[in-house]
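The values are calculated or read from the model by the stated rules, or taken from the named source; none is laboratory data. Values in this document were obtained by computation on a predicted structure and should not be read as measured data. Cβ coordinates were reconstructed from backbone atoms using ideal geometry, including for glycine residues, and neighbour counts include every protein chain displayed. Keep in mind that these areas ignore ligands, DNA and RNA; they rest on the heavy atoms of the full protein, side chains included. Shrake-Rupley method; radii C 1.70, N 1.55, O 1.52, S 1.80 Å.
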Amino acid sequence: MNLIVSAIGQGFLWGQLGLGLFLSFRIMNTTDMTVEGTFPLGAAVSVSLIVQGTNPFLATLAAFVAGALAGLVTALLITKGKIPSLLAGILTMTGIYSIDLMVMGKSNVSLLGKKTIYSLAFLQKLPQYFDSVVAGTILMVLVTCDLIWFLSTDFGQAFIATGDNPQMAKSQGISPQQMTVAGLMISNGLVGLCGAVVAQSNGYADVNMGMGTIVIALASIIISEVVFRNLGLASRLFAVSLGSIIYRLLLLAVLQVGLSSNNLNLISSLVLAACMMLPQVEEKLRLKQTFMKGFKHD
């Protein structure tokens, strides 16, 4: 039972990663590899500040700002440098590795004995692992509601229109470059926030903790689209966090079978590939059933 509760809690916390990538990958139609660097950057900034005595909530907010600045760099490389989005993200991600080392002073920093956002009195009174579930739920609701509000504003609607059709948006007086900058800053800010809350939950920050995060984020998005279909935008945003929980439960089930945790990245890739292929398989099955019905009718 404790393992299931822990998986649900981690799913809520990691859901911010999926929401961040959803903005760039689904709404903006941009392939952004920056997230693999932004996640450990948020962790490094928050943990380093907490170790130095900063309030953990302010440190978490600083992680969001650091992530947003990383997104700004990528956006400027795309809009001003005319560098393809994939390459721009890789360049920023590579540079962030050195920044993480400068921020932390070493490759790994522990939070042992330090107060974090999970040190609040009402969270400490909860049973084991329930602190991450409650904190993750609160964070998910706040972030998702804020995103729903943002996307419902005129600026948010312009942001969505740019992702749907940049040329049409430009003809309506919308600046695609401005939308790209805003979108990547918000997206990577959320990823940095996720890095901060996950690092505080784990009790440490590591420069290599961002490896494979884009696969985790994509899995949350794709699983939510496969399991929860025909949803509006607001419901879809909430579903992304549920997709993150399902993904964590799938990993737990696989590990319970007896596979080594060393194979997690391989398992994640296989789960993501299977989910992405599922709609095509279903379409082929429907076509086959339609053909067989027509054949029998003849």
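Here are the numbers for this structure:
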{"read-out": "Modelled label reach - LEU69, point 7 Å along Cα→Cβ, region 16-43 residues with backbone N closer than 14 Å", "value": "38, 41-43"}
{"read-out": "Per residue value of the accessible surface for the chain (all protein chains in place, 1.4 Å probe), Å²", "value": "50"}
{"read-out": "Low-density loop positions, trypsin sites (Lys or Arg not before Pro), region 65-139 - DSSP coil, at most 14 other Cβ in 10 Å", "value": "LYS80, LYS82, LYS106, LYS115, LYS125"}
{"read-out": "Shape of region 145-223, Cα gyration tensor, a/c cut at 1.5", "value": "prolate"}
{"read-out": "Among ASN29, ASN263, ASN108: highest mean-square fluctuation, GNM of the chain, C-alpha pairs under 10 Å", "value": "ASN263"}
{"read-out": "Residues THR137 and LEU278, FRET efficiency given R0 of 41 Å [Cβ-Cβ distance, rounded to 0.05]", "value": "0.90"}
{"read-out": "Label-to-label distance, nm, for residues given as MET102 and VAL227 (7 Å Cα→Cβ offset)", "value": "4.1"}
{"read-out": "Phi-based couplings in Hz for region 21-29 (Karplus 6.51, -1.76, 1.60; Gly and Pro marked x)", "value": "6, 4, 4, 7, 7, 9, 7, 8, 6"}
{"read-out": "Global form of the chain, assessed from the alpha-carbon gyration tensor, a/c cut-off 1.5", "value": "oblate"}
{"read-out": "Packing-based order for 34-47, 221-234, 62-75, using average beta carbon neighbours within 10 Å, highest first", "value": "34-47, 62-75, 221-234"}
{"read-out": "In range of the label at ASN165: residues from region 228-253 whose backbone nitrogen is under 20 Å from the point 7 Å along Cα→Cβ", "value": "233"}
{"read-out": "Surface accessible to a 1.4 Å probe, MET93 within the full protein complex, Å²", "value": "50"}
{"read-out": "Long-range amide H partners of TYR204 with built H, under 5 Å", "value": "LEU111"}
{"read-out": "Computed E for LEU86/LYS115 - FRET, C-beta separation, R0 45 angstrom, nearest 0.05", "value": "0.70"}
{"read-out": "With every protein chain in place, the chain: carbon and sulfur % of accessible area (1.4 Å)", "value": "66"}
{"read-out": "Listed residues ASP154, ASP131, ASP100 arranged by accessible area, highest first, probe 1.4 Å", "value": "ASP154, ASP131, ASP100"}
{"read-out": "Cβ-Cβ FRET estimate between LEU266 and GLN157, R0 fixed at 51 Å, reported to 0.05", "value": "0.80"}
{"read-out": "Alpha-carbon centroid distance for the pair region 137-199 / region 53-88, whole angstrom", "value": "14"}
